[in-house]
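Engineer: Once you've had a glance at the structure underneath, I'll fire off some questions.
Each reported figure results from applying straightforward, stated rules to the coordinates on display, with no laboratory input. These figures come from a predicted structure and were not determined experimentally. Positions of Cβ are backbone-derived with ideal geometry, glycine not excepted, and every protein chain shown enters the neighbour counts.
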Amino acid sequence: MPASLDDFQVISTIGTGSYGTCKKICRKKDGKILVWKEMEYGSMTEAEKQMLVSEVNLLRELHHQHIVKYYDRIIDRTKAMIYIIMEYCEGGDLATLIAANKKNGESITEDFAWKILIQTTLALKECHRRKNGQAVLHRDLKPANVFLDKDSNVKLGDFGLARVLHSESSFAQTYVGTPYYMSPELVNNLSYNEKSDIWALGCMMYELCALSPPFTASNQSELNRKIRLGDFPRLPLKYSIELDMIIRKMIQVEVAQRPSIGSILADPLVQKRREALE
Ligand code: ADP
Ligand code: MG
């Protein structure tokens, strides 16, 4: 039987984003804490609605320990609202963590950086494996889309949907806000590929440690210029040369030089760190 709104009780509002509101909810039958994302589809075109449905269906197929688990969706036709029910990540997202560390003059540990790097790579591997169709390949990888559970394990989530709702002009609108993680091939209007995700992963890891992105500028053309050059400072010295090196490999202008998910995971250093996690 499909779920209905009555099966849940709203506990609180977590936050309101550009596409809807995220609420913490309780599943009445067993008290399980989840979240739902409320989105209004009334103003969407038929094509956008179709894309939203197929995106949600795809997300439901992704089962991985480092990907936010999707539970269900409820459609309220009278209010033209869709509720997407998913796992609650009580550790919040990495964008919030970066902002808090910046504010307090703190920074993450080397061990935590490796853990995030490895677990995000594993989640991306699962996404890249599922290349059935357009949607799951292009992950909008950024700190706001990487969540932490209660044990500070990575849960990649909240991608896709935003893009679906902005499908009209796919390129410009994919990047709401400053596109700090845009890869050189995208800057040059070439097509997106799996290596563009690797670039974004490198940029995200860099920002997580350094608390500012590898490339910054006050305007788009200056940012584009820096991205095409691909020069950025070393990570703060509290981080090892090994961590700096692996991130540096991911942020390489030449697509062919950038490691694949497979070669990141095959790196002996990554393997050693991974064993320590397990
Ligand atoms: P935004 O456009 O800002 O990403 P969202 O609707 O995605 O807006 O998220 C709103 C807030 O809810 C953000 O603070 C986000 O971190 C939080 N959030 C989204 N999904 C989850 C989740 N599965 N668990 C916990 N918090 C979440
Ligand atoms: Mg979000």
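Engineer: Relative to the longest principal Cα axis of the chain, at what angle does helix 46-61 sit, 0 to 90 degrees, rounded to 10?
Structural biologist: 70
Engineer: Something else about it: List the relative contact order of the chain as a percent without decimals, with contacts defined as Cα pairs under 8 Å and 6+ residues apart.
Structural biologist: 16
Engineer: Would you mind listing how long region 178-278 runs along its three principal axes, going by Cα atoms, in whole Å with the largest first?
Structural biologist: 43, 30, 18
Engineer: Here is a further query. Taking only DSSP H segments of four or more residues, each worth -39500 (n - 2.57), what value at 222 nm results for the chain once the sum is divided by all its residues, to the nearest 500 deg cm²/dmol?
Structural biologist: Using -39500 (n - 2.57) per qualifying helix, the result is -12000 deg cm²/dmol.
Engineer: So for each of 89-97, 208-216 I average, over its residues, the number of other beta carbons within 10 Å; can you give me the resulting order with the highest mean first?
Structural biologist: On the way: 89-97: 17.7, 208-216: 19.8.
Put in order of decreasing packing, that is 208-216, 89-97.
Engineer: Still on this structure, I have one more. Using 1/(1 + (r/R0)^6) with R0 = 30 angstrom and r between the beta carbons of H63 and T96, what's the FRET efficiency to the nearest 0.05?
Structural biologist: Calculated value: 0.70.
Engineer: Only sites in a loop by DSSP and with at most 13 other Cβ atoms within 10 Å count here; which GluC sites (Glu not before Pro) in region 96-130 make the cut?
Structural biologist: On the way: sites: E106, E110, E126; in loops: E106.
Qualifying residues, ordered by number: E106.
Engineer: As an exercise, find the ratio Rg/Rh for the chain from alpha-carbon atoms, using the Kirkwood inverse-distance average for Rh.
Structural biologist: Working: Rg = 19.1 Å, Rh = 19.7 Å.
With Rg and the Kirkwood Rh in hand, the quotient comes to 0.97.
Engineer: Moving on. Restricting to the chain, compute how many DSSP beta bridges are antiparallel as a %, nearest 5. Show your work: numbers first, answer last.
Structural biologist: Working: 31 of 32 bridges.
Beta bridges within the chain, antiparallel portion: roughly 95 percent.
Engineer: In whole Hz, what ³J(HN,Hα) sequence does region 8-17 give by Karplus (6.51, -1.76, 1.60; θ = phi - 60°), x for Gly and Pro?
Structural biologist: 10, 10, 6, 9, 6, 8, 7, x, 10, x
Engineer: Over the Cα atoms of region 1-158, how large are the radius of gyration and the largest Cα-Cα distance (Dmax), in Å?
Structural biologist: 16.5, 51
Engineer: Collect residues whose amide H, placed 1.01 Å from N in the peptide plane, falls under 5 Å from the amide H of N193; neighbours closer than 5 in sequence don't count.
Structural biologist: none
Engineer: Okay, next question. Using only alpha carbon pairs under 8 Å that are at least six residues apart, calculate the relative contact order of region 7-117 and give it in whole percent.
Structural biologist: Computed value for region 7-117: 19 percent relative contact order.
Engineer: Gain in length, S260 to R77, computed as 0.36 nm per residue apart minus the alpha-carbon separation, to one decimal in nm?
Structural biologist: That works out to 61.5 nm of additional length.
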